[in-house]
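Report on one structure; see the data block that follows.
The values are calculated or read from the model by the stated rules, or taken from the named source; none is laboratory data. Everything quoted here is computed from the prediction, not taken from an experiment. Virtual Cβ from ideal backbone geometry, glycine too; neighbours counted across all protein chains shown. Areas reflect the complete protein model, heavy atoms only, side chains present, ligands, DNA and RNA absent. Shrake-Rupley method; radii C 1.70, N 1.55, O 1.52, S 1.80 Å.
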Amino acid sequence: MRIAESELIINSDGSAFHIHIRPEQLADTVILVGDPGRTAMVSSFFESIECDGASREFSWATGYYHGERITVLSTGIGTDNIDIVMTELDALANIDFNTREVKAGHRRLTILRIGTSGAIRPEIPLGAFIFSHISIGCDGLLNWYSDRDSVALADFEEAFTRHTHWNRRLPAPYFVRASEKLINKFKDCTYKGMTVSASGFYGPQGRVVRQNLAMPDMLEDFESFEFGGYRITNFEMESSALAGMAAKLGHDAGTVCCAIAHRYHKDANADYKTWMRDLVKLALDKLTE
């Protein structure tokens, strides 16, 4: 089946519409970061840079680390941008941009998001690295796609909505497990995470500034939720969409975050760049070992 121009827009230079990467420029291993400025920080670890580019919040570079070819790409903030990035990365890997046909053989990407988050467990210190074994999507993105139940953890969802008395006006939450391949790579150097992906930074993460919350007991309910040997560890804004879309599209994906704020202890560190450099170095070493 040929994919219409309106459904997958390809730029005149043969690149994907939003991220401006051409098929031959994409490595099999991809690092995602939120901040476009962090792309240069990640690529500064590369032994050489083969190509790079930028469009809007999407800044990218492909190069080599320990002899392995890697692409780093910024996504901006939010699961809506992950929808764009994951769809276009998969298209670059698995659609022939000349014929607009799905390729006969499936190319499986390894995609790791490196980001920041707010911890909510008292035993997790500031500066800790948390790998999201399970991500909780409070954003609703995966619910727009068919067969979401094929990758979702139904028993977790049922227990969570019951425990939190989930507000029916909010998007139905979904739970997705990260790639076992990546979980195993990071299990000995990170905290085991069950991560909430929120659709915003303030109200959706339980912050009260000048507006009260639709679920005023949300933080307490999240902190006390326990199921299947997991407890909620941290908040961020992208991991659920990444895990869900990767699982449906046949890619290995996961998220590792540095805790730069602590919702339980009510503290934060805005000067976290050294921590992030350490996390990037760790991630690059784990991906190429």
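Listing for the model above:
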{"item": "Qualifying residue in region 265-284 (condition: polar (S, T, N, Q), touching a strand residue (DSSP E or B) at 6+ places or on another chain (Cβ under 7 Å) and either farther than 21 Å from V196 by Cβ or without any contact (Cβ under 8 Å) to a residue 60 or more places away in the chain (or both))", "result": "no"}
{"item": "Any hit, region 261-273, residues being within 18 Å of the chain's Cα centre (by Cα) and either among the aromatic types (F, W, Y) or open to solvent by 60 Å² or more (accessible area, probe 1.4 Å) (or both)", "result": "no"}
{"item": "Residues that are closer than 13 Å to K281 by Cα and open to solvent by less than 70 Å² (accessible area, probe 1.4 Å), drawn from region 60-71", "result": "Y65"}
{"item": "Subset of region 162-195 (residues that are under 18 Å from H251 (Cβ atoms) and open to solvent by 40 Å² or more (accessible area, probe 1.4 Å))", "result": "R177, E180, K181, N184, K185"}
{"item": "Test: residue in region 201-213 that is touching a Ser or Thr at 6+ places or on another chain (Cβ under 9 Å) and open to solvent by 30 Å² or more (accessible area, probe 1.4 Å)", "result": "no"}
{"item": "Residues located in region 5-59, provided they are charged (D, E, K, R), open to solvent by 40 Å² or more (accessible area, probe 1.4 Å) and under 23 Å from the mean Cα position of the chain (by Cα)", "result": "R22, D28, D35, D52, R56, E57"}
{"item": "Of all residues making up region 198-214, the number that are within 25 Å of the chain's Cα centre (by Cα) and within 17 Å of P171 (Cα to Cα)", "result": "9"}
{"item": "Residue list for region 223-244, filter: outside any strand (DSSP E or B), more than 10 Å from the chain's Cα centre (by Cα) and crowded, with 24+ Cβ neighbours inside 10 Å", "result": "T233"}
{"item": "Count of region 117-146 residues which are touching a Lys or Arg at 6+ places or on another chain (Cβ under 8 Å) and modelled with pLDDT under 95", "result": "4"}
